[in-house]
Amino acid sequence: MPVAEKQQSGDRREDAPEDRQEVFRRLFDAWHARIYQTCYRLMEHPQEAEDITQEVFVRAMEAYDRFRGDADPGTWLYRIAVNQCLNVRRRKRRLQWLALDFWNEGADEATSHGNRSVGAEEELQQADRERIVGKAIDALPERQRTALILSHFERMSYKSIAQVMECSPSAVESLLHRAKTNLGKRLRPLLGDL
């Protein structure tokens, strides 16, 4: 493939802007459809797949100077695509989990799982809840937000979180308690609005 040969030649960092644009035009032409298909399979939604595919090529262009010419450009693009899809899925999973956990706390198990068909009004309310919960999480102090995400979305133990955050397990427990308290304070007034 000419793109791979050009990148493997070692002169890619001295490329003129026109050469760089041509390289990316060829990369896009050669890989767009395959990257889109991968994103579509991971996301199962055409618009999300297209948005992520575009983001993959934007990120690739931004990281062009760090790309090792000895690597396959397809592998590089797939890695970016998979990471982007996983990030979007984590974000969605985080919102869904929090919406269920905080909005349905104490709900009867049979009621929450009984009727799977949701009306349009209920879907709008759920989307509003997810948006509000997402904003509340984003507003948490960084260390509280990090501990909450690692604990609830990545399902990490306090010990593992402590290693990642370079603190003690008791500090993790404290961060999680404060994060939940802060989320409760932010979300409690909004419960009546929905």
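Output the residues belonging to the range 129-168 that are exposed (fewer than 12 other Cβ atoms within 10 Å of the Cβ), at pLDDT below 80 and in a helix (DSSP H, G or I).
Within the range 129-168, Asp138, Glu142 meet the criteria.
Given the conditions (1) at pLDDT 80 or above; (2) over 30 Å from Lys180 (Cβ atoms), report the number of the one that Ala71 does not fulfil.
(1)
Could you figure out which of (1) at pLDDT below 80; (2) surrounded by fewer than 12 Cβ atoms within 10 Å (Cβ to Cβ); (3) more than 19 Å from the chain's Cα centre (by Cα) isn't true of Gln126?
Of (1) at pLDDT below 80; (2) surrounded by fewer than 12 Cβ atoms within 10 Å (Cβ to Cβ); (3) more than 19 Å from the chain's Cα centre (by Cα), only one is false for Gln126: (2).
Kindly provide the set of residues from the range 62-75 that are within 14 Å of Trp31 (Cα to Cα) and in contact with a Lys or Arg (Cβ under 8 Å, 6 or more places away or on another chain), ordered by number. Working first, answer last.
Taking the range 62-75 first, the residues within 14 Å of Trp31 (Cα to Cα) are 72-75.
Within the range 62-75, Gly74 is the sole residue that qualifies.
The values are calculated or read from the model by the stated rules, or taken from the named source; none is laboratory data. Everything quoted here is computed from the prediction, not taken from an experiment. Heads up, the Cβs are rebuilt from the backbone with ideal geometry, glycines too, and the neighbour counts pull from every protein chain shown.
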